[in-house]
1. Taking a cut-off of 20 Å between Cα atoms, list the aspartates and glutamates near LYS271, but don't count ones fewer than 8 places away on the same chain.
2. Using each residue's phi in region 37-53, evaluate 6.51 cos²θ - 1.76 cosθ + 1.60 at θ = phi - 60° and report the 3J(HN,Hα) Karplus result to the nearest Hz, with x for Gly and Pro.
3. Can you list residues from other chains, or at least 5 along the same chain, whose modelled amide H is less than 5 Å from the amide H of ILE30?
4. Mind sorting GLU291, GLU44 by how few other Cβ atoms lie within 10 Å of their own Cβ, fewest first?
5. DSSP H helices in the chain with Cα extent of 15 Å or more along the helix axis and mean Kyte-Doolittle hydropathy at least -1.0?
6. Looking at the chain, identify the longest residue range that excludes and avoids all chymotrypsin sites (Phe, Trp or Tyr not before Pro) in DSSP loops having at most 14 other Cβ atoms within 10 Å.
7. With the dipole of the chain worked out from charges on the C-beta (+1 for Lys and Arg, -1 for Asp and Glu) around the Cα centre, which of ILE186, PHE73, GLY156 lies farthest toward the positive end?
8. So which lysines can LYS214 reach, going by Cα to Cα under 30 Å and dropping same-chain residues fewer than 8 places off?
Amino acid sequence: MKQKKKLLILGGGYAGVTLIHALKMKDFDITLVNQTPFHIVQTEIHRLLGGAAHEEDIYFDLEEFCEKKGVSFICDKAILINDKVQKVICEHGRELKYDYLVIATGALSLFPHQIENIHAYSKDIKVAQHLKNLENEFQSLLKSQEKEKNIAIIGGGLTGVEIALEYASRLKKLGISATQCSISLIEQFETLLPGSSKELILETHDACDKAGIKRYHGNFVTKIENNNIYLSNNSSIPFSMVIITIGVICEELHFQSEIQKSNKNQFIVDKHLQVKGFENIFAIGDVAYFETDEGSVLLPTAQNAKQQAKTLAKNLENIVKNKPTLEYKYKHKGTLVDLAKNEAVGDAFGVQFHGNSAYYLKRTVNAMHTRIFK
Ligand SMILES: Cc1cc2nc3c(=O)[nH]c(=O)nc-3n(C[C@H](O)[C@H](O)[C@H](O)COP(=O)(O)OP(=O)(O)OC[C@H]3O[C@@H](n4cnc5c(N)ncnc54)[C@H](O)[C@@H]3O)c2cc1C
């Protein structure tokens, strides 16, 4: 009998688990390596912080998932790819051999050193322990005697907006007024959701204003110190608790050979999702730097991670069958922004959605992802 090829997948996030779900198992002997025992549904993190979702909605057991799929699971952190001998070295000393390697290790929150003292406040919402710490901080804040409490969110992109609105809704449900505890949302560009459509921006501004969120636009943060956020116009915003959501960067994952990476430590992939210069190594999701035919770089989103995983599943099968591989083509299906209180706004498949219908559509998209664990 022909021996199955060893396929090693690093990272059990959106890209990694979608790839496993899409692959035909008979072609490969698959091992998934993830640094934690669970998959995190990151697109629901804001709802966990806001108390609208629970841990069981966010964390999914990877060992159980792999067992159902007939895949081996290793809970460890990959630290070095020795491409010369086709092995991955892990933090706990494991050496894992591969015929094909898929890097799907995602990204972490960005805490740029240009913001003075930022590292004292660098709780990453993508890390389970930090999410727990933020919840503890929120609970302590509720109990504290401080008079004018303020939760500050730095970064007015999708993540920051959704977190601010969920916290506002949570405080309201707890009967805490905006004077007792305010929420500040700070964005360096002139509007929230920079780069989005005018309608989406206006509707989001309106939702924030109605929720009593203080919006600060047009100045960047220069320093965070002694519970004050300093802005480039020399003003400052006092805070009791701060969350920073100003972008993402990939953690360094070393290669034995020289390798070209983006300025966010992403692996540069070609149209077939192959890491440039390495025939049997692929990268998908946030960790992959992919340039479209039009010259734009794909943003780190779950929808891109899942689409890339599906294309790569077909390509890996084609490779073992000596068939040509497909070029990856990203299809933007839309953007939905949660506005808390069972409301959302955005577009999907070219149609605008608002309020309740947008909210349920967003939950459906999420359920379509999590059903792969059932
Ligand atoms: C609050 C929030 C809301 C969002 N909302 C949306 C949305 O509405 N729509 C959308 O499309 N996108 C959204 N995103 C972005 C989306 O979540 C990411 O783009 C997506 O998670 C990327 O998937 P991935 O598989 O590339 O990486 P991840 O999901 O980050 O998974 C990477 C996995 O690799 C593991 N890992 C990392 N390094 C190693 C290592 N060295 N060894 C072993 N394992 C490792 C990690 O533990 C993790 O399990 C949101 C993100 C956040 C934080």
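We did not get these values from a lab; they are worked out from the coordinates using the rules stated. None of the values given here were measured: they were computed from a predicted structure. Cβ placement follows ideal geometry from the backbone for every residue including glycine, while neighbour counts extend to all protein chains displayed.
1. GLU279, ASP286, GLU291, ASP293, GLU294, GLU317, GLU327
2. After applying 6.51 cos²θ - 1.76 cosθ + 1.60, I find x, 10, 8, 10, 7, 5, 5, 10, 4, 4, 6, 5, 4, x, x, 8, 10 Hz.
3. Those qualifying (amide H under 5 Å, at least 5 residues apart or on another chain) are LEU7, SER72.
4. Numbers: GLU291 14, GLU44 21.
Least to most surrounded, the residues fall as GLU291, GLU44.
5. On the way: long enough: 128-143 (23 Å, -0.81); 158-173 (23 Å, 0.08); 198-210 (18 Å, -0.72); 302-320 (27 Å, -0.71); 355-370 (23 Å, -0.64).
Answer set is 128-143, 158-173, 198-210, 302-320, 355-370.
6. Values: sites that count: PHE189, PHE349.
With chymotrypsin sites (Phe, Trp or Tyr not before Pro) excluded where exposed in loops, the chain gives 1-188 as its longest stretch.
7. PHE73
8. LYS123, LYS126, LYS132, LYS143, LYS147, LYS149, LYS172, LYS173, LYS198, LYS223, LYS341, LYS362
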